[in-house]
1. Taking into account only those residues within segment 195-218 that are among the β-branched types (V, I, T) and touching a strand residue (DSSP E or B) at 6+ places or on another chain (Cβ under 6 Å), which is surrounded by the most Cβ atoms within 10 Å (Cβ to Cβ)?
2. Which of (1) of a type in the set (A, V, I, L, M); (2) surrounded by 18 or more Cβ atoms within 10 Å (Cβ to Cβ); (3) without any contact (Cβ under 8 Å) to a residue 40 or more places away in the chain is the odd one out, the single condition L228 does not satisfy?
3. Determine whether L500 is touching a Leu at 6+ places or on another chain (Cβ under 9 Å), open to solvent by less than 30 Å² (accessible area, probe 1.4 Å) and hydrophobic (A, V, I, L, M, F, W, C).
4. Which of the residues spanning segment 523-554 are part of a helix (DSSP H, G or I), more than 15 Å from I267 (Cβ to Cβ) and open to solvent by 50 Å² or more (accessible area, probe 1.4 Å)?
5. Which number in (1) modelled with pLDDT of 90 or more; (2) open to solvent by 30 Å² or more (accessible area, probe 1.4 Å); (3) of a type outside the set (S, T, N, Q); (4) touching a Pro at 6+ places or on another chain (Cβ under 7 Å) marks the one condition that K405 misses?
6. Open to solvent by 60 Å² or more (accessible area, probe 1.4 Å), over 19 Å from V222 (Cα atoms) and assigned to a helix (DSSP H, G or I): does that describe L8?
7. Among the residues of segment 287-307, is there at least one that is part of a loop (DSSP other than H, G, I, E, B) and over 28 Å from the mean Cα position of the chain (by Cα)?
8. Which residue is nearest to T347 (Cα to Cα), if the candidates are limited to segment 131-153 and must be among the aliphatic types (A, V, I, L, M) and surrounded by 19 or more Cβ atoms within 10 Å (Cβ to Cβ)?
Amino acid sequence: MERHLQILLYLEKRHFLVDMKNACQEFLQDVNEKTIRKFPPIRFILQVDVMELLDLFPDLGEFLIQEPLKWQSCCNDILFACLKCLDNDLTQMIKPTQVAVVIRLNSLPYILSTKQEKYKSIVSLCGLLVGITKPTNNVYHTVWSCPDECEGNEVIMHFIPKIPPKCYLCKSTLFENSGLRRCGDQVQATFKFKNILLPQSYTIVDDLISQLKVGKMYTINVVILKKLTSVWSIEESTIIPAPITTPVPSDIKELYEACNGLPWKFIYCLASSIGVHVCPLNCFMNVKINLLLSLVSVKANALTSSPIIHFLAGGFDTGYIAKLMGRAALLADSFVSIGTTHNSTSTALIGASGGVCVMPLPLQAYSQNQINSILSIIETGEITHSTYKSKLQCAVWAHGMDLKKIVLYNIGNIFGSVCRGDYGDFADELADHALEQAITPTTVGKQEKQALKDISTYIDLVAGIKVSLAENAEELLRLYFLAARKEKPKAVTIGNLGALIAACATSARLCRRNVANNDDAVFAIWLHVSGMPEPRFAPDDYLETPADMKKLQKVIEKFYNWLEQFIGYRIYETNE
């Protein structure tokens, strides 16, 4: 009785008792003596703010988390008492089983709920929604009657039992009055949980269905019974951007200061930590830089809805590119690899939401249906399924060996840009590296692990920065795009312009700036020109990525001079 009084006090304080009374009055207005004998149900949805409940009545909040079914039973008794207290003769004919309170939880602290699947208490699960079935009927109210018409032996149940109940008097098997059955809607929602290999499905009913969006992360609050799992509430998990004043790892801060804030120098140094033991430090730097930009863009898309930068590399032999992609994918929140043994590309892309979808094999190894499906999804930004539609919320990483120029242009226009892979530039360095690894194999040390951890932390810190383009940077990108379109119309499309803008904004985001300047624009253009198939706009000497920072600075300075001549625009005079 004490629990009933505490819950009653809470309901009164939150004005839920008034809502219960109004619901009961509306229920009685819709029934009469004829319909009341058919045992119609009355359901009341109770939205409980758990944080508020813990603040007002800590013991009551703890009781809800530890004993949710008893809490619900107390609410059912209170709603039934509200109905009985109304001045109406029909209330005497209503049974307690006709009354049901549906509890929905808001703001349940994840740290307070149970993380293990045990009975009684509320269990909170956090997973990615990867699929929804079509709505079907959900039976929540059935009435069973005695064939011998025994008096008072109608049984009301909130489900369809596997074995029909029996009459209390004559022990006859009851039959269901199918005309009195009440149904709602239900769907089977499939979630992918971290550190659990197989996805799991849960039944979501009625008012919770509208909250489901495929590809989003959800916190699911369930009550696990002996033979089924009841979902009480579901809330979308949102990531709050880190404040701009959040301190960054000390090593990265010192690196930024040593690079004088120049984006090409700073991002070059950050990207060099990716795949340290896969290839030498001075190899495939364009690949590493583009992978880093793609990682940041995925995280920024979740926080600021900014465009995602996809990754496509071309070359004679891109085996090392696949290894680098695998190493870089470990820095993402999640990643999924697409193989050739199945054709469910949409499922793989949905499963990679918030992370990256890696195509570890060359594009030639995949079927044409898989390639066309992925290209169509990237181009439209939507994943279409038979029962639902979802936005593409992951980056796609792919590579191809010795693709023809026309094919590379067509695919690159959809991906946004092409990254220069292995064209035999690093054959000697790779041979020496392979020989050295064979003689004295090395392992990933603490410093290397810490460096990758710092990069992952830094990506989380800068991803929430909203970036806008300065007028001069916007003008620079526009002039380059027009000049490049005039030079090679088929090689430069609108998709390339979008990738240029996204790369420019991501460059500024990595430097913790909310405005992209000319340095960011030139860096994005340099990456774009470097990845173009030969013959390229700029001389090869201006597009090299040497390991020596002084040599790299000379390369960038030469590229600045060439770009000014190519577009007829003075960069240094208007550089902010």
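1. Looking at the filtered set, the residue picked out is I204.
2. For L228, the exception is condition (2).
3. yes
4. D540, D541, Y542, K550, K551, K554
5. The failed condition is (1).
6. Yes; evaluated as a whole, the condition is true for this residue.
7. No, every residue in segment 287-307 fails to be part of a loop (DSSP other than H, G, I, E, B) and over 28 Å from the mean Cα position of the chain (by Cα).
8. The initial filter retains those residues of segment 131-153 that are among the aliphatic types (A, V, I, L, M), namely 132, 139, 143.
Add one more test, that the residue is surrounded by 19 or more Cβ atoms within 10 Å (Cβ to Cβ), and what stays is 132, 143.
On the way: I132: 12, V143: 41 Å.
Result: I132.
The values are calculated or read from the model by the stated rules, or taken from the named source; none is laboratory data. Treat the numbers as computed from the prediction; the structure is a model and nothing was measured. No Cβ is skipped: glycine too gets one built from the backbone with ideal geometry, and neighbour counts run over all protein chains shown. Remember, those area values only see protein heavy atoms, side chains included, never the ligands or the DNA or RNA. Shrake-Rupley method; radii C 1.70, N 1.55, O 1.52, S 1.80 Å.
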